[in-house]
Amino acid sequence: MQTPIRVITLVTTLALCAATVGAAQKPQTRKGFWIALGFGWGSADVTCDGCTGSREGGGTGHIRLGGTLNQKLLLGGDITAWAKDENGATASLGNVSFIAQYYPMEQGGLFLKGGAGFSSIMLENGGNTASGESFGLSAGVGYDIRVGRNISITPIADFLFGGSRNLQYSGATVLSGVGMNVFTVGLGVTFH
């Protein structure tokens with residue numbers, strides 16, 4: 001558990017240092033198409049009918065893309081996933097959402113993100129896969145640190161929520177009432 005905390009602390013410190021230098025050199029302008037890619041770490045909890053969840057750490061990744069409505073508002077799509085492999089079994093959780101990304105200050109890099117769509121849970125062990133989908137919600141906060149005319153380094157934190165669903169294997173329900181939530185922190189690159 002110490003290693004992810006140290007990595008997060010180091011990334012945050014470097015990002016804040018870069019923000020101070022970058023803010024003085026590159027203006028925050030947003031227009032047209034944008035895309036963001038990144039990786040990180042997340043803490044996930046899965047619950048089901050008759051079972052209790054426990055938080056597990058795993059790797060995360062995201063891709064966001066869309067269009068710029070104005071200097072303060074970006075609209076688009078977001079795919080964020082969490083995965084963990086242990087003893088040959090893999091758990092994968094994720095959300096696909098329509099998002100709005102709001103910048104409170106027109107020339108600032110801080111943004112708030114919210115979205116709705118669907119979530120997915122997949123459990124795989126030895127070639128056998130159980131999966132299920134449900135509605136999903138996401139919320140997040142991030143900061144674009146401009147490092148080039150159209151490029152930013154973007155630290156981001158997200159919270160994903162997926163509603164109750166049944167996990168199916170070969171058409172049969174193997175777990176019922178399965179829900180999930182994931183907290184992620186990551187670092188990405190955004191092209192404006």
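The values are calculated or read from the model by the stated rules, or taken from the named source; none is laboratory data. Owing to the predicted nature of the structure, the values given are computational and were not obtained by experimental measurement. Cβ sites come from the backbone with ideal geometry, for glycine too, and all protein chains shown count toward neighbours.
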Open item on the list: Among (1) without any contact (Cβ under 8 Å) to a residue 40 or more places away in the chain; (2) in a strand (DSSP E or B), there is one condition residue 105 misses while meeting the rest; what is its number?
Closed with: (2)
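Name the single residue that is surrounded by the most Cβ atoms within 10 Å (Cβ to Cβ) among those in the range 148-192 being out of contact with any strand residue (DSSP E or B) (no Cβ under 8 Å at 6 or more places or on another chain) and of a type in the set (Gly, Ala, Ser). Even if it seems obvious, please write down each step before you answer.
Keep residues of the range 148-192 that are out of contact with any strand residue (DSSP E or B) (no Cβ under 8 Å at 6 or more places or on another chain), which gives 148-149, 170-172.
Subsequent filtering for residues that are of a type in the set (Gly, Ala, Ser) retains 148, 170-172.
Values: 148: 12, 170: 8, 171: 5, 172: 9.
Among them, the one singled out is 148.
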TODO: Check whether at least one residue in the range 150-172 is outside any strand (DSSP E or B) and either touching a residue at least 60 places away in the same chain (Cβ under 8 Å) or closer than 17 Å to residue 37 by Cα (or both), and report yes or no.
DONE: yes
- [ ] Please go through the range 76-119 and pick out each residue that is under 16 Å from residue 59 (Cα atoms) and of a type in the set (Ser, Thr, Tyr).
- [x] 80, 90, 92
Task: Whichever residue in the range 68-82 is under 19 Å from the mean Cα position of the chain (by Cα) and β-branched (Val, Ile, Thr) and, among such residues, is farthest from residue 184 (Cα to Cα) - done: 79
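Table: residues versus (1) more than 20 Å from the chain's Cα centre (by Cα); (2) farther than 29 Å from residue 109 by Cα; (3) modelled with pLDDT of 95 or more.
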{"position": "21", "(1), (2), (3)": "yes, no, no"}
{"position": "25", "(1), (2), (3)": "yes, no, no"}
{"position": "39", "(1), (2), (3)": "no, no, yes"}
{"position": "52", "(1), (2), (3)": "yes, yes, no"}
{"position": "59", "(1), (2), (3)": "no, no, yes"}
{"position": "63", "(1), (2), (3)": "no, no, yes"}
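Examine the range 123-132 for a residue that is touching an Asp or Glu at 6+ places or on another chain (Cβ under 7 Å) and in contact (Cβ under 8 Å) with a residue 40 or more places away in the chain, and state whether such a residue exists.
Among the residues of the range 123-132, not one is touching an Asp or Glu at 6+ places or on another chain (Cβ under 7 Å) and in contact (Cβ under 8 Å) with a residue 40 or more places away in the chain, which makes the answer no.
Can you tell me which residue in the range 169-192 is nearest to the chain's Cα centre (by Cα), limited to those that are among the polar types (S, T, N, Q) and closer than 22 Å to residue 56 by Cα?
Restricting attention to the range 169-192, the residues satisfying the condition of being among the polar types (S, T, N, Q) are 170, 173, 176, 181, 184, 190.
Narrowing further to those that are closer than 22 Å to residue 56 by Cα: 176, 181, 184.
Numbers: 176: 25, 181: 11, 184: 6 Å.
Filtering first and then ranking leaves 184.
Let me confirm something: among 72, 113, which residue is in contact with a Phe, Trp or Tyr (Cβ under 6 Å, 6 or more places away or on another chain), modelled with pLDDT of 90 or more and surrounded by 11 or more Cβ atoms within 10 Å (Cβ to Cβ)? Working first, answer last.
Numbers: 113 fails: in contact with a Phe, Trp or Tyr (Cβ under 6 Å, 6 or more places away or on another chain).
After applying the criteria, what remains is 72.
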Open item on the list: Among the listed residues 139, 100, 83, 89, identify the single one that is touching a strand residue (DSSP E or B) at 6+ places or on another chain (Cβ under 9 Å), under 24 Å from residue 176 (Cβ atoms) and surrounded by 14 or more Cβ atoms within 10 Å (Cβ to Cβ).
Closed with: 83
TODO: Sort out which residues of the range 54-68 are surrounded by 15 or more Cβ atoms within 10 Å (Cβ to Cβ), over 17 Å from residue 156 (Cβ atoms) and basic (Lys, Arg), and write them in order of number.
DONE: none
